[in-house]
Amino acid sequence: MRNPLAVLAPRRFGSAPAAPTAARVPAPRRVPGPDVLPAVEFLQHGCTGEGEDHAPEVSVRGIDPRNDRGPATASVHLAVGDGGPCPDTVADLLARARPGDYRIRRLTFDVRSLDAVLAERGGRSLLDQLVASPADRVTNAVFRAAVAADPAGDLDCDVRVVGEGDSVAGRCRVDLGRARLTVTPLLTGSERLARRLAEARARPRDRAVRRCLEHALAVELSSRPLTELIGPHPDAPACSVPLTR
């Protein structure tokens, strides 16, 4: 009788022809996370107690690729101090701005609007290099020096004064109009801020990393006067009559 294993053995136990070698896919680049937790950002820079209560809320958009909406106009919400005058226009605000009269309550802007600004100042490629290695202090310094040459306003922003009142949801709002927002010097004002920006762009889906950037900006805003952040818009209509509220 014929042995059935005589046919199956070579097929089962013999050496099969080698498969063609597939092209190796490189492993995704791992970018280390920030060196500080988001909740510790205020504690490391002296924003405790009363300073923490008055720290502005910062919202940075355009980092997470899942947000496919186009860049929106930046907005600045201000709160009036006790007894401070309520302005009617941006020009009125800048003319009356004194330390303690106005406080930034909320800042919202889209970083995608800064790409053209960085490209004009020669910092777009440097930012890409810093994103590849956020801890590189040399690239950090070169990037900040390249984009800090022009301190003019970067983005258009809508300025409004918000506070308690008898309007919708118990909030009142006075729209002051369009102004120019100076963001690039704010993001590159220190090595820490530039690194937070690079870390957020290197890990765009990590919400905790983005919160580190937003906390760092809030700390910086707490110590900057309003006139360094907001400037008059060149195309704003000239009007000496107060707006009707």
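Miscellaneous remarks
- Length added when fully stretched, residue 162-residue 136, from 0.36 nm per residue minus Cα-Cα: 5.3 nm
- Taking the inverse of the mean 1/r over every pair of distinct Cα atoms in the range 171-231 gives a Kirkwood hydrodynamic radius of 13.0 Å.
- Note on residue 69 and residue 106: the model spin-label points, each 7 Å out from Cα along the C-beta direction, lie 1.2 nm apart.
Laboratory data are not the source of any read-out in this text; all were calculated from the coordinates shown. Since this is a predicted model, take the numbers as computed values, not measurements. Note that we place each Cβ from the backbone using ideal geometry, even for glycine, and neighbour counts take in every protein chain shown.
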